[in-house]
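Note sheet for the following structure.
Read-outs throughout are calculated quantities, based only on the coordinates presented, and are distinct from any laboratory measurement. These numbers come from a predicted model, not from an experiment. Backbone-built Cβ (ideal geometry, glycine too); neighbour counts: all protein chains shown.
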Amino acid sequence: VPSIEVVEADLQRSDHQAAVLELLNAYAMDSMGNGRPLPDDVRRRLIPGLRDHPTTLVLLAFDGQRPVGVAVCFQGFSTFAAKPLINIHDLAVLPNHRGRGIGKQLLEAVEQIGRTRGCCKLTLEVLENNHLARRLYAAVGFAQATYVPEAGGALFLAKTIQ
Ligand SMILES: CC(C)(COP(=O)(O)OP(=O)(O)OC[C@H]1O[C@@H](n2cnc3c(N)ncnc32)[C@H](O)[C@@H]1OP(=O)(O)O)[C@@H](O)C(=O)NCCC(=O)NCCS
């Protein structure tokens, strides 16, 4: 997309902070997000929390001056490969700007950074019924994680403790 620029967010900059909050809030309101906006206390803690986290990587997509897409990522580590990896924790594009290749451009930018850092893989989770996102992920080369075929595909589990 010629008019779209993807940049690494500088979370010390107030304009980038506002962009990340706006985009994540829009994502939270999406039916594939949380279906409601981020609570005020989460909004207050989000930027300091991302800044304090040691491996945060946030990419922003700009259409001119307007922030229209975000990828929030964290670097992890693969023991079996003894190499870092990048987990894409959130990927979101504003509803009016979807279908223009911005999501794909953000994923390509993450991949580029991952290659530069010597990462062995990119990981992400996606909800089963998020067909649009799943199509995009498949198109750029993601598939359900498997290690030994007989053991089946990876499942993502969570236990809420707070
Ligand atoms: C998933 C998401 C990030 C994709 O962003 P995007 O910028 O629309 O993605 P792209 O344009 O690169 O690709 C989307 C695909 O849908 C197609 N598409 C066409 N019209 C579309 C529209 N109006 N809206 C969305 N996608 C459309 C695109 O053409 C593309 O398919 P193709 O590559 O086969 O042509 C975006 O839909 C989104 O923010 N969804 C809500 C949040 C979400 O679900 N995030 C993923 C969580 S795992």
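Less than 5 angstrom separates the built amide H of residue 83 from those of 78, all sequence-distant by 5 or more or on a different chain.
Remark: 22, 111, 150 ranked as 150, 22, 111, counting other beta-carbon atoms within 10 Å and listing the fewest first. The fraction of Cα-Cα pairs per 10 angstrom bin, counted from 0 for the stretch 1-63, comes to 20, 48, 29, 2 percent, rounded to whole percents. Placing +1 on the Cβ of every Lys and Arg and -1 on the Cβ of every Asp and Glu, with nothing else charged, gives the stretch 1-113 a dipole about its Cα centre of roughly 160 debye.
Springs join every pair of Cα atoms under 10 Å in this Gaussian network model of the chain, and among 114, 64, 103 the largest mean-square fluctuation is at 64. Between amide H atoms placed 1.01 Å from N, distances below 5 Å from residue 68 occur with 61, 62, 63, all of them 5 or more places distant or on a separate chain. Note on residue 154 and residue 98: their simple-model spin labels are 2.5 nm apart, each label 7 Å out from Cα toward Cβ. With contacts taken as Cα pairs under 8 Å at a separation of at least 6 residues, the stretch 1-83 carries a relative contact order of 34 percent. When each of the peptides 44-51, 142-149, 55-62 is scored by how many other beta carbons lie within 10 Å of its residues on average, the order from highest to lowest is 55-62, 44-51, 142-149.
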